[in-house]
1. If residue A:259 passes every condition in (1) closer than 23 Å to residue A:73 by Cβ; (2) surrounded by fewer than 22 Cβ atoms within 10 Å (Cβ to Cβ); (3) at pLDDT below 90 but one, which one does it miss?
2. Tally time: how many residues in the stretch B:29-50 are touching a helix residue (DSSP H, G or I) at 6+ places or on another chain (Cβ under 9 Å) and either buried (at least 24 other Cβ atoms within 10 Å of the Cβ) or at positive phi (or both)?
3. Starting from residues that are under 12 Å from residue A:144 (Cα atoms) and in contact with a helix residue (DSSP H, G or I) (Cβ under 6 Å, 6 or more places away or on another chain), keep the ones in the stretch A:55-74 and report whichever is surrounded by the fewest Cβ atoms within 10 Å (Cβ to Cβ).
4. Filter the stretch B:111-152 down to residues that are within 14 Å of chain A (Cβ to nearest Cβ) and free of Cβ contacts under 8 Å to residues at least 12 places away in the same chain and give me whichever is nearest to residue A:36 (Cα to Cα).
5. Return the residues of the stretch B:99-117 that are crowded, with 21+ Cβ neighbours inside 10 Å and more than 20 Å from residue B:8 (Cβ to Cβ); say none if nothing qualifies.
6. Output yes when any residue across the stretch B:40-58 is more than 23 Å from residue A:284 (Cβ to Cβ) and at the interface with another protein chain (Cβ under 7 Å from one of its Cβ atoms), and no when none is.
7. Condition first: part of a loop (DSSP other than H, G, I, E, B) and either within 26 Å of residue B:41 (Cβ to Cβ) or under 17 Å from the mean Cα position of the chain (by Cα) (or both). Now tell me which residues in the stretch B:157-188 satisfy that.
8. Criterion first (farther than 18 Å from residue B:194 by Cβ and either under 17 Å from the mean Cα position of the chain (by Cα) or in a loop (DSSP other than H, G, I, E, B) (or both)) does residue B:58 satisfy it?
């Protein structure tokens, strides 16, 4: 055998058996193939989809008819109109758990090894997953909106601001799904990834202005809630939809500028979590 | 191994997993269009070598190239030239067989319509057409293996890594896989095959490398390995016991001559040199011994392997317990608990 520094006697010419890569387009196709794979998964296990289909309908109906009458809105206003943006945030924030569980499952199966022996853009596994999850989040948003309209929610704004409100919440959920990705990639098992939902996501969604005006909370909790990104996102959507937004009377900066605050939070989270997720993914798949 | 371009080269590969030394300086090479059988018991380091050469693991020392491309420096480029059928099922259980193949094709930049056409072709080749649109969860182990092999062939790679491709297959499926591999060799594909089945290596491989405890302990063609082991066995049957028979054979054999109770059957270990049987007949004839039957049994690759490794290949799963070698009744040896 030759030593490490000597070139071997026979050196195979490099055959080019496949199309030469067109870098960017090839990456787009990789991501799209991965996205479709995840969408097929959802269609195979519709129970996974209940988080974004049955849960939003249930929550909407429960909150509006059971709690609705008992929760006064400062400066008047209808609880239905108040709570819908909160329900949208609540459902989308908790549904990011799916990203954590999905990625953890992927890592625990041999499929990742197959991907790693193919000429695939490494991040396509992550990006494809996040896009599939964004698509289910959009479905969830549609279901919340339709259920809301059926039970009497009415936005008081033009078409563009209403769409802007949905965009604001979806963008935040997308950013948050990258934190979920970090958690999923760090988890030992899909089960431990799922517990992330209950430990982190539920407090995040509830210690905020989503379900009740923060004015009723104890002082310290009120401060936390006012600076919770979920509050900014929810207040931003209420503001854009022309729905009752009691947080507008609060002097914390994010409550005074909810749309700006929501966008800043989303961009910040995305800018930190996405590179971090790809780092963790790289570490987990290197041996 | 000097003629022909080398499609796969491993030079001094070393790989540690924690305390375990999975590979301890392994060298081998595979000329274009040939098949190398990497043979060894569980935990010997076969899969680790494959993982390094397929860019899944990085060596701690040494160098690997595929199609002349360094696997550590240019993994992405290497991936354009290889197909891998790994030991663990590496397919998506929630997708159908066809969807799995099309996904692999698309991720190999084949394009959607070309991927579909190739998937249909391979599903037919591996007798999976009927199950093509069923979800993989419902596949049997043998069907999964065949689909895994099909997946590795999607992009028609010039270099194939098959890690125990027929483990757990029924004889018919096994034959089908062998036929497929022979077909590929005719097309000029280069194959690195790891296997625990000696007959598989004997039938398919041009060259065999035997590794144990992370080191190469033997290499050569199947024939060379058998000859090198010199463990041929002579059996002579006489019409009647003869006093001169033992003394006539003594100069020709290496070990003690065993004589049966009736004195008609003599057997001994011998060196298998060309024309050996002729010498036996001549020696017995000169001594006036009549012979009914004479047999020189060439060693099987199993004999070779057992003599090289201390006979622990029959082990099914290294992780189960420490009873390595129980199946062959000799020399229970330690197995490395690392990646098998």
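1. (3)
2. 7
3. A:57
4. Per the criteria, the residue is B:112.
5. B:100, B:101, B:102, B:103, B:104, B:105, B:106, B:107, B:109, B:110, B:115 - these are the residues of the stretch B:99-117 that are crowded, with 21+ Cβ neighbours inside 10 Å and more than 20 Å from residue B:8 (Cβ to Cβ).
6. No: zero hits.
7. B:164, B:165, B:166, B:167, B:168, B:169, B:170
8. yes
The values are calculated or read from the model by the stated rules, or taken from the named source; none is laboratory data. Only a predicted model underlies this, so the values are computations on that prediction, with no experimental measurement involved. Positions of Cβ are generated from backbone atoms using ideal geometry, with glycine treated the same way; all protein chains shown enter the neighbour counts.
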